[in-house]
Amino acid sequence: MPDYKSLLRELPAVDRLLREAALEEKLHHLPRRLVLQAAQETIASYRRRLSDYSSLDHPPESPVRIDLSPSALAEEAALLAEQKAGSNLKSLVNATGIVIHTNLGRVPLAESAVEAITAAAKNYTNLEFSLDTGERGSRHDHLEELLCELSGAEAAAVVNNNAAAVFLVLNTLAGGREVVVSRGQLVEIGGSFRIPEIMAASGAHLVEVGTTNKTYLRDYEAVVNDNTAAFLKVHTSNYNMVGFTAEVETGALAALAARCRLPLIEDLGSGLLLDLTAHGLPFEPLIQDSIDAGADLVTFSGDKMLGGPQAGVIVGRRDLVSLIRKNQLARALRIDKFTVAALEATLRLYLDSEIALEQIPVWRMLRASPHELHRRAENLAERLSKRVEGGSIEVVEGMSRVGGGALPAAELPTFLVAFSPPETKSPDGLVSKLRRGHPPVILRLQQDRLLFDPRTIREAEEDSLINAVAAACQL
Ligand SMILES: *Cc1c(COP(=O)(O)O)cnc(C)c1O
């Protein structure tokens, strides 16, 4: 019987593997360096395995069972080469039911926004060029009029994301001076965005007022001094306070700010142009309401409830916006032409709210009726049952989530396809196979059942989802 040490000497060389049909074929259509790397790494991994085993008293595999033939290693290397040549950033199926999923790129864009990005990518554009005068223009100009029309604000600027918007506003208006914030609004969003930290980084000094659960107008009033630069109101996007609570309304705070000749900045987080209550969802303040109530500057994300590309929008008073645009850091935080294109196209849809509701994926998903979700879940369950053997598939009631640190308490009743795999398959193993499948499918696992929420699965994705599940079950 051979030992592991002698097997080490039998490992084929890279050249030998490359002559095998499986790898030679890859050389025709994949970059040579990737095929070479795949061959080297495959051999190296066998070498490691054999040397590890040779030092163990009870190795997990017998040496006779390890196939070191060039053809077997070449097959493995060919798969690895394909993997290396594929994109790292993959389109995937979000079956989690979390509509705004930050780790999965937040939200898919409306078709017109996708087309706008493609056109901007293929062609030269008037990104910073005025077609009227032939002179240099501003990239903000493509968005400002639309943003003002939709929000009722005087002026607008757009930066890389809402964290950048808050940072730039504070840095411009309050560097070295004090900004007053309620203790109930010192939130952390998504791990790295924390109000005290962003404030410190911007050079503004945080002045906390009130208590965790209650803050009154008089608390703000009491701390105003010559060094106060602004009031900041922050939307507590990702947590809800219940019980005895009090925060000051935007209108009342804006009136106090005006009396003190200070700007009121409001970070709305998600940013919403359409009334959610009309669709059975909890109330959330609208951007235009904050402007209407007298906020001097309002900031919000482009890719949360707005349903557009990653961006941070600043709307409000013209004099303040123009200071912000002139800040040297604005250049470092500026958006590229793809964002301009996609945001403009998305905003245009909001000019007619019916069209926005129909064409922006985030709205379509949020508004999907229980009736429609039930129909789709039943259909998906039936189609899946025909393709997977063993286990059981049923439709159950469940909840989807808005996600993205928006509407933490919103309940979105849905119907889920629940798949209990056969005894021979581990549910965890299936989840991981689906995650690495083509396309990858991301889902929830609950009490050993794989849950698919049709709310975030587009109909056009259903065929590939079913194929991916069938493939994962066969492996
Ligand atoms: C999400 C959020 C942010 C950060 O926005 P990004 O666009 O992710 O940078 C800031 N403030 C609030 C209140 C938020 O909800």
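Applying the selection to segment 349-370, what residues are free of Cβ contacts under 8 Å to residues at least 12 places away in the same chain and part of a loop (DSSP other than H, G, I, E, B)?
Taking segment 349-370 first, the residues free of Cβ contacts under 8 Å to residues at least 12 places away in the same chain are 352, 354-355, 358, 364, 369.
Scanning segment 349-370 gives ASP352, SER369.
I'm checking my understanding of the structure. Among residues of segment 84-115 that are under 30 Å from LEU27 (Cβ atoms) and charged (D, E, K, R), which one is least open to solvent (accessible area, probe 1.4 Å)? Give the derivation first.
In the first step, residues of segment 84-115 are kept if they are under 30 Å from LEU27 (Cβ atoms); the result is 84-92.
Those left that are additionally charged (D, E, K, R): 84, 90.
On the way: LYS84: 60, LYS90: 101 Å².
The selected residue is LYS84.
How many residues are closer than 23 Å to GLY175 by Cα and open to solvent by less than 10 Å² (accessible area, probe 1.4 Å) if we restrict to segment 235-253?
The number of residues fulfilling the criteria is 1.
Yes/no per residue for (1) of a type in the set (D, E, K, R); (2) within 13 Å of LEU80 (Cα to Cα); (3) open to solvent by 60 Å² or more (accessible area, probe 1.4 Å):
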residue	(1), (2), (3)
TYR4	no, no, no
PRO12	no, no, no
LEU18	no, no, no
ALA22	no, yes, no
LEU30	no, yes, no
GLU41	yes, yes, yes
ARG47	yes, no, yes
LEU50	no, no, no
TYR53	no, no, no
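Here's a check for you: in segment 414-430, which residue that is of a type outside the set (D, E, K, R) and loosely packed, with under 13 Cβ neighbours inside 10 Å is farthest from HIS279 (Cα to Cα)?
THR424
For ARG194, which of the numbered conditions (1) open to solvent by 10 Å² or more (accessible area, probe 1.4 Å); (2) within 13 Å of the ligand (Cβ to nearest atom); (3) in contact (Cβ under 8 Å) with a residue 24 or more places away in the chain fails to hold?
Single failed check for ARG194: (3).
Can you find, within segment 369-408, the residue that is nearest to the ligand (Cβ to nearest atom) among those that are open to solvent by less than 70 Å² (accessible area, probe 1.4 Å) and in contact with a Pro (Cβ under 7 Å, 6 or more places away or on another chain)?
Filtering first and then ranking leaves LEU407.
Restricting to segment 58-83, name every residue that is buried (at least 16 other Cβ atoms within 10 Å of the Cβ) and part of a helix (DSSP H, G or I).
Hits for segment 58-83 are PRO63, PRO70, ALA72, LEU73, ALA74, GLU75, GLU76, ALA77, ALA78, LEU80, ALA81.
Would you pick out the residues in segment 217-234 that are of a type in the set (Asp, Glu) and either open to solvent by 70 Å² or more (accessible area, probe 1.4 Å) or within 13 Å of the ligand (Cβ to nearest atom) (or both)? Step through it out loud before you land on a result.
At the first step, the residues of segment 217-234 found to be of a type in the set (Asp, Glu) are 219, 221, 226.
Of everything in segment 217-234, those that are of a type in the set (Asp, Glu) and either open to solvent by 70 Å² or more (accessible area, probe 1.4 Å) or within 13 Å of the ligand (Cβ to nearest atom) (or both) turn out to be GLU221, ASP226.
Those residues that are part of a loop (DSSP other than H, G, I, E, B) and within 16 Å of SER392 (Cβ to Cβ), I need them from segment 427-475; list them, please. Don't jump to the end; show me each part of the working.
Step one: of segment 427-475, the residues part of a loop (DSSP other than H, G, I, E, B) are 436-440, 443, 447-448, 453, 457-458, 475.
Hits for segment 427-475 are GLN447, ASP448.
Can you confirm whether TYR216 is in contact with a strand residue (DSSP E or B) (Cβ under 6 Å, 6 or more places away or on another chain) and farther than 20 Å from LEU329 by Cα? Step through it out loud before you land on a result.
Details: in contact with a strand residue (DSSP E or B) (Cβ under 6 Å, 6 or more places away or on another chain): no; farther than 20 Å from LEU329 by Cα: yes.
Answer is no for this residue.
When only residues in segment 431-475 that are among the polar types (S, T, N, Q) and under 23 Å from GLU411 (Cα atoms) count, which is surrounded by the fewest Cβ atoms within 10 Å (Cβ to Cβ)?
Kept after step one, since they are among the polar types (S, T, N, Q), are these residues of segment 431-475: 432, 446-447, 456, 464, 467, 474.
Now narrow it down to the ones that are under 23 Å from GLU411 (Cα atoms): 446-447, 456.
On the way: GLN446: 13, GLN447: 8, THR456: 28.
So the residue we want is GLN447.
Could you check segment 197-216 and list, in sequence order, the residues that are farther than 20 Å from ALA165 by Cβ and loosely packed, with under 15 Cβ neighbours inside 10 Å?
THR211, THR212, ASN213
Could you say whether any residue in segment 267-285 is farther than 30 Å from LEU366 by Cα and open to solvent by 10 Å² or more (accessible area, probe 1.4 Å)? Write out each step before concluding.
Of segment 267-285, the ones farther than 30 Å from LEU366 by Cα are none.
Within segment 267-285, not a single residue is farther than 30 Å from LEU366 by Cα and open to solvent by 10 Å² or more (accessible area, probe 1.4 Å).
Only one of these conditions is not met by THR133: (1) in contact with a strand residue (DSSP E or B) (Cβ under 6 Å, 6 or more places away or on another chain); (2) without any contact (Cβ under 8 Å) to a residue 24 or more places away in the chain. Which number is it?
(1)
Which pairs do you get when a residue that is open to solvent by 70 Å² or more (accessible area, probe 1.4 Å), found in segment 320-346, comes within reach of a residue that is not hydrophobic (A, V, I, L, M, F, W, C), reach meaning Cβ atoms under 6 angstrom, with the pair 6+ apart or on two chains?
If the second residue must be not hydrophobic (A, V, I, L, M, F, W, C), the pairs left are LEU323/THR172.
Would you pick out the residues in segment 448-475 that are at pLDDT 95 or above and polar (S, T, N, Q)?
THR456, SER464, ASN467, listed by residue number.
Need the failing condition index for PRO370 against (1) assigned by TED's automatic domain parsing to the domain that holds LEU146; (2) out of contact with any Gly (no Cβ under 9 Å at 6 or more places or on another chain); (3) at negative phi; (4) of a type outside the set (A, V, I, L, M, F, W, C), just the number.
In the conditions (1) assigned by TED's automatic domain parsing to the domain that holds LEU146; (2) out of contact with any Gly (no Cβ under 9 Å at 6 or more places or on another chain); (3) at negative phi; (4) of a type outside the set (A, V, I, L, M, F, W, C), PRO370 misses (1) alone.
The values are calculated or read from the model by the stated rules, or taken from the named source; none is laboratory data. Quantities reported herein were computed from a predicted structural model and do not represent experimental measurements. Virtual Cβ from ideal backbone geometry, glycine too; neighbours counted across all protein chains shown. Accessible surface is based on the protein model in full, side chains and every heavy atom, while ligands, DNA and RNA are left aside. Shrake-Rupley method; radii C 1.70, N 1.55, O 1.52, S 1.80 Å.
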